[in-house]
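Student: Starting off with a structure, shown below.
The values are calculated or read from the model by the stated rules, or taken from the named source; none is laboratory data. Being a predicted model, the structure only gives us computed values, none of them experimental. Every residue, glycine as well, gets a Cβ built from its backbone with ideal geometry; the counts of neighbours run over all protein chains shown.
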Ligand code: FAD
Ligand code: NDP
């Protein structure tokens, strides 16, 4: 740690800080600077998935690059380092806690395989959180080293536009710096939203910005929301043995295939997660014993309900981090509804030399790999003579619920809406992972379906896989689907036995046939 601190001081020592008074003079100089006289070829605002990828690629292409990144602590006071949402409060800690929960299931399976494990095995949140947080901190450090090695200047400042080529950065202590660049990329991502009109929401609730950094177990938890963040968090909390309730106002996983989404929540419910369906919260208050009393409205009965929890986790969506950027000073247009930045297919904003990538952009998937690829391709177009555009079609994704759900392409509903019921064929199977047999695990929700055009050779429009390691399974098939694979070609592919993936290449039963899709035999 001491070596790390010394190295960080060395990195910090090269910053060119200005006091606000001095910065006034610099501002004039920066404004007057013509192309070629500006500080950097590329300035990236936001050191998350997209911003770092773009900055590193531009530096590899020999350009002078700077990244500014600043994390505003959560309302609860949680703070973290370089790397953005995915590294600190998203994919990475989430997947590790998901793994911790899955291990609980494997420990319960173990005696069936001959391991003499005394049951029940208690879980220590403190130990898990510390290990996860240490890994995240090592990634923060790794990002700083990578930037340094590639000669990308890193400034830990909060950025706002001064004009269309100049950005003012303000450090934690109030020191300011002015940076000018020929090209500017905005990659400031988003932050969790707190629900409006719920008394006590901000005071007593936490979000995904806090859950992974809690030192103590959250205890009995109410998770409000029913999309990726809500179901993933509720899944691992339940798996770690915590009393967990999900409050869902409408449907689970809006935008996903609804048959699959129902199976996801069915599996969670059968493994201990409680669901309050059709309910919306109205108030959170702290009781004298420190517990949180939540009041909600049950929209189906019109009645009021209450419950007591140790933690309330809001997972009701995210808002783009655009408020402090002073975008109007640069003339960058945003959507009046979402405040997300409007871009064209080249990721260019309304100001031609200012670009935006990742979660902060209107209409883009909020996923790390899309932000990373968009960032790399943008740098290659700007500085590498490339004209390749980011293709946002057929982006695969996985929801890391206890039974993982991976998908790519169209849902059954979308396929029918686009092509008509008569032109769509859906092949499906209920299967039992081999690993489930010995411990006698229930496999009722292990299900796979492939959505195809009916007309030969039956182009595959979408694949939906619910089962263990869905991310690993879906990634491979996504290549084929991206390349336009047909059902006929999938059926000509030899399976790998015994795996869950092979169920995809064995999909013979169509929904239309009405035959039982349960896989029997091995
Ligand atoms: P971010 O990674 O959010 O980075 C933006 C950075 O800019 C931040 O560091 C921010 O502090 C900084 N910043 C903001 N404003 C300023 C400013 N004015 N000046 C300086 N810096 C600023 N995606 C997946 O693909 N797989 C997953 O499993 C997955 N799990 C997730 C789990 C959770 C709980 C959450 C919340 C998200 C998850 N995501 C996942 C989504 C993924 O994290 C995001 O899509 C991704 O991080 C977006 O990258 P980005 O570069 O757009 O922004
Ligand atoms: P989403 O916007 O996807 O979902 C918000 C959820 O909150 C919905 O279920 C919505 O219900 C509900 N909701 C909204 N407002 C309220 C309210 N006032 N009261 C009660 N419920 C409310 O947000 P997430 O935060 O889950 O995810 C954001 C993005 O992050 C995702 O789109 C995804 O791209 C990314 N992500 C990716 C992951 C992965 O790749 N595995 C994991 C986690 C996040 P309704 O449907 O009724 O509007």
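Student: Counting only residues that are closer than 16 Å to residue 206 by Cβ and part of a loop (DSSP other than H, G, I, E, B), how many does region 283-315 have?
Tutor: Total satisfying the criteria: 4.
Student: Residue under question is residue 231, and the condition is that it be closer than 21 Å to residue 103 by Cβ, at pLDDT 95 or above, within 14 Å of ligand 2 (Cβ to nearest atom) and not in a strand (DSSP E or B); does it hold?
Tutor: Answer is yes for this residue.
Student: Now, a different point. I'm told residue 257 meets every condition in (1) surrounded by fewer than 14 Cβ atoms within 10 Å (Cβ to Cβ); (2) touching a strand residue (DSSP E or B) at 6+ places or on another chain (Cβ under 9 Å) except one. Can you identify the failing condition by its number?
Tutor: Single failed check for residue 257: (1).
Student: What is the one condition in (1) within 12 Å of ligand 2 (Cβ to nearest atom); (2) modelled with pLDDT under 95 that residue 323 does not satisfy?
Tutor: (1)
Student: Answer with yes or no whether residue 302 is in contact (Cβ under 8 Å) with a residue 24 or more places away in the chain and either surrounded by fewer than 16 Cβ atoms within 10 Å (Cβ to Cβ) or within 16 Å of ligand 2 (Cβ to nearest atom) (or both).
Tutor: When the stated conditions are applied, residue 302 does not pass them.
Student: Take residue 219 and decide whether it is free of Cβ contacts under 8 Å to residues at least 40 places away in the same chain and away from ligand 2 (no atom under 16 Å from the Cβ).
Tutor: Criteria not met by residue 219.
Student: Return a yes/no flag: does region 266-274 have any residue that is more than 23 Å from the chain's Cα centre (by Cα), within 13 Å of residue 231 (Cα to Cα) and assigned to a strand (DSSP E or B).
Tutor: Yes, that holds for at least one residue.
Student: Among the residues of region 377-417, how many are farther than 28 Å from residue 469 by Cα and touching a residue at least 12 places away in the same chain (Cβ under 8 Å)?
Tutor: Number of matching residues: 9.
Student: Still on this structure: Please indicate, with yes or no, whether at least one residue in region 257-267 is in contact with a helix residue (DSSP H, G or I) (Cβ under 7 Å, 6 or more places away or on another chain) and within 16 Å of ligand 1 (Cβ to nearest atom).
Tutor: Checked region 257-267: at least one residue is in contact with a helix residue (DSSP H, G or I) (Cβ under 7 Å, 6 or more places away or on another chain) and within 16 Å of ligand 1 (Cβ to nearest atom).
Student: Quick test for you: out of 426, 473, 460, pick the one residue that is buried (at least 16 other Cβ atoms within 10 Å of the Cβ), in contact (Cβ under 8 Å) with a residue 24 or more places away in the chain and assigned to a helix (DSSP H, G or I).
Tutor: Exactly one residue qualifies, and that residue is 473.
Student: Being in contact with a helix residue (DSSP H, G or I) (Cβ under 8 Å, 6 or more places away or on another chain) and closer than 30 Å to residue 410 by Cα, is that true of even one residue in region 282-291?
Tutor: no
Student: In region 47-96, which residues are more than 10 Å from ligand 1 (Cβ to nearest atom) and part of a helix (DSSP H, G or I)?
Tutor: Within region 47-96, 55, 56, 57, 58, 59, 60, 96 meet the criteria.
Student: Another question about this same structure. Look through 490, 494 and report the one residue that is crowded, with 16+ Cβ neighbours inside 10 Å and in contact with a helix residue (DSSP H, G or I) (Cβ under 8 Å, 6 or more places away or on another chain).
Tutor: 490
Student: Something else about it: Just give me the residues in region 142-178 being over 20 Å from residue 73 (Cβ atoms) and either without any contact (Cβ under 8 Å) to a residue 60 or more places away in the chain or surrounded by fewer than 19 Cβ atoms within 10 Å (Cβ to Cβ) (or both), in sequence order.
Tutor: Answer for region 142-178, where residues must be over 20 Å from residue 73 (Cβ atoms) and either without any contact (Cβ under 8 Å) to a residue 60 or more places away in the chain or surrounded by fewer than 19 Cβ atoms within 10 Å (Cβ to Cβ) (or both): 142, 145, 146, 148, 149, 150, 151, 163, 164.
Student: Hey, can you tell me all the residues within region 348-393 that are outside any loop (DSSP other than H, G, I, E, B), within 16 Å of ligand 1 (Cβ to nearest atom) and surrounded by fewer than 23 Cβ atoms within 10 Å (Cβ to Cβ)?
Tutor: 368, 369, 370, 372, 373, 376
Student: Related question: Scan 110, 101, 129, 118 and give me the residue that is at pLDDT below 95 and on the phi < 0 side of the Ramachandran plot.
Tutor: After ruling out the rest, the residue left standing is 118.
Student: Follow-up question, since we're still on this one. Output the residue which, of all residues in region 103-131 that are out of contact with any helix residue (DSSP H, G or I) (no Cβ under 7 Å at 6 or more places or on another chain) and within 30 Å of residue 358 (Cβ to Cβ), is nearest to ligand 2 (Cβ to nearest atom).
Tutor: Filtering first and then ranking leaves 129.
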